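What follows is a single structure, written as structure tokens, with notes after it.
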Amino acid sequence: MSAVPTSLAAEFRGRFGADADGIWSAPGRVNLIGEHTDYNAGFALPFAIPARAFVAVRATESGEAVLASTFAGAGSVRVRLDELGPEDPGFSGDGGWARYLAGVVWAFARRGITLPGIEVLLHSDVPVGAGLSSSAAVECAVAVAVNDLAGAGLDRSELVQICHEAENDFVGAPTGILDQSASLLASAGSGLFLDCLDRSTRQVPLDLEARSLVLLVIDTRVTHAHESGGYRDRVASCRLGERVLGVGSLREVTARDFAERAHLLDPETLRRVRHIVTENARVQDVVSLLDAGRLEDIGPLLTASHVSMRDDYEISSPELDVAVDTALDAGALGARMTGGGFGGSAIALVPAALAESVSARITAAFEDAGWVPPHIYSVVPAAGAGR
Ligand code: ADP
Ligand code: MG
């Protein structure tokens with residue numbers, strides 16, 4: 001876990017003229033496998049990473065939410081709580097980031113859980129738009145804070161739902177429950193096997209060190225935003241696939257159903273649906289291998305997932321492809337882009353002895369292509385959100 005920035009409590013006092021009631025935090029995540037399956041009621045296997053979002057929070061009587069972030073360029077946003085809504089002019093222009101925080105307060109209020117006033121200072125070391133879910137880290141940190149301060153006692157699965165509503169209904173990003181589940185439910189040393197149909201979860205052993213393996217994150221530093229664009233189109237393709245195949249969700253489509261009925265789909269929708277169907281199978285195969293203690297054997301499934309995202313779901317980028325291909329060429333056991341795509345990060349499962357040479361090769365490949373050098377670092381499964 002990254003250290004709580006020692007200055008956060010002091011900075012809160014400086015800005016708000018009073019002590020925070022506490023500091024809460026929630027992690028970003030890496031998705032080991034299971035991409036774009038969450039909004040299709042499918043399977044995923046994320047884990048929490050050491051990088052976290054921290055919030056210093058004070059309950060007040062002011063009738064307002066005052067939201068501030070140490071994030072470059074983010075000032076502070078002040079909105080009235082009795083008329084809190086996504087259209088509040090406080091969120092227009094530079095204040096858009098504050099919707100991720102206010103949306104959580106709003107989703108609690110929908111359930112009749114309110115604070116008379118709230119002040120929040122956010123500091124996050126989860127990089128934005130890097131495919132590591134800085135947005136869920138922020139939402140989940142605020143959610144555990146409000147849950148404690150309001151004495152609401154909601155369980156973690158209800159907090160997942162609250163953060164999901166904040167991101168979908170308040171921010172307007174049509175994302176699934178993967179990120180929030182990882183941030184709130186993951187635990188150190190494990191992957192979180194998530195079934196998005198009934199939202200059940202199970203911790204799966206993921207002890208990289210015991211196998212002398214390293215999981216590298218290769219942040220291409222090409223950022224994306226999920227409120228718009230390609231992500232939304234992919235969701236729409238899946239909904240079209242459901243209608244044509246006559247299913248409630250693509251989770252219901254087995255490999256066999258797909259083979260029999262794929263001809264009903266137009267070529268693009270066919271590719272999109274094929275990614276979801278094959279990705280669900282790959283997640284289950286990875287979980288079986290991990291349950292059997294065969295972590296070193298999951299590499300080919302990670303790589304197959306990347307190929308599916310590159311060719312069928314078409315959410316990769318030249319930078320992600322070079323990162324993956326170079327990692328494999330340099331001795332990685334498997335590699336794939338992770339997160340929503342269109343930029344962000346790739347991951348590579350690498351024998352510890354090769355971590356440095358793999359990293360150097362990828363950096364050199366980016367240099368040859370004339371791109372900004374990637375940020376490359378290793379991660380281990382870290383703890384979920386907490387005070
Ligand atoms: P990611 O893959 O990182 O989650 P998103 O587009 O889903 O990318 O969310 C990124 C958005 O979350 C940012 O544009 C910003 O609005 C908000 N955000 C994340 N971290 C911070 C922060 N430290 N301060 C303010 N806003 C943040
Ligand atoms: Mg996000």
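The values are calculated or read from the model by the stated rules, or taken from the named source; none is laboratory data. Note that the structure is predicted; figures quoted are calculated from it, not measured. Cβ: placed from backbone, ideal geometry, glycine included. Neighbour counts: every protein chain shown. All accessible areas refer to the heavy atoms of the entire protein, side chains included, with ligands and DNA or RNA removed. Shrake-Rupley method; radii C 1.70, N 1.55, O 1.52, S 1.80 Å.
Below, the figures for the structure above:
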quantity	calculated
Count - residues of region 127-162 that are within 16 Å of ligand 2 (Cβ to nearest atom), part of a loop (DSSP other than H, G, I, E, B) and among the aliphatic types (A, V, I, L, M)	3
Pairs, first surrounded by fewer than 20 Cβ atoms within 10 Å (Cβ to Cβ) in region 281-294, second of a type in the set (Asp, Glu), C-beta under 7 Å, six or more apart	LEU289/ASP297
Residue among SER308, SER378 that is more than 16 Å from ligand 1 (Cβ to nearest atom) and assigned to a strand (DSSP E or B)	SER378
Any hit, region 41-50, residues being within 13 Å of ligand 1 (Cβ to nearest atom), farther than 30 Å from PRO205 by Cβ and modelled with pLDDT of 95 or more	no
Residue match in region 201-215 (condition: within 16 Å of ligand 2 (Cβ to nearest atom) and open to solvent by less than 10 Å² (accessible area, probe 1.4 Å))	no
Whichever residue in region 174-200 is within 16 Å of ligand 2 (Cβ to nearest atom) and among the hydroxyl-bearing types (Ser, Thr, Tyr) and, among such residues, is farthest from LEU289 (Cα to Cα)	THR175
Pairs where the first residue, in region 1-19, is at pLDDT 95 or above and the second is part of a helix (DSSP H, G or I), C-beta under 6 Å, 6+ apart	ASP19/ARG13
Contacts under 7 angstrom Cβ, first residue in region 60-73 being assigned by TED's automatic domain parsing to the domain that holds ALA137 and open to solvent by less than 20 Å² (accessible area, probe 1.4 Å), partner part of a strand (DSSP E or B) and among the small types (Gly, Ala, Ser), 6 or more apart	VAL66/SER76; LEU67/SER76; ALA68/SER76
Condition met for ILE276 (assigned to a loop (DSSP other than H, G, I, E, B), open to solvent by less than 10 Å² (accessible area, probe 1.4 Å), in contact with a helix residue (DSSP H, G or I) (Cβ under 9 Å, 6 or more places away or on another chain) and not basic (Lys, Arg))	no
Matching strands (runs of 3 or more DSSP E) fully within region 21-87 where at least 2 residues are under 16 Å from ILE177 (Cβ atoms)	22-33, 43-59
Exclusive hit being modelled with pLDDT under 95 and not acidic (Asp, Glu), set SER228, SER200, SER237, SER212	SER228
Residue match in region 118-126 (condition: assigned to a helix (DSSP H, G or I), charged (D, E, K, R) and within 15 Å of ligand 1 (Cβ to nearest atom))	no
Qualifying positions in region 318-358 - at pLDDT 95 or above, within 16 Å of ligand 1 (Cβ to nearest atom) and open to solvent by 30 Å² or more (accessible area, probe 1.4 Å)	GLU319
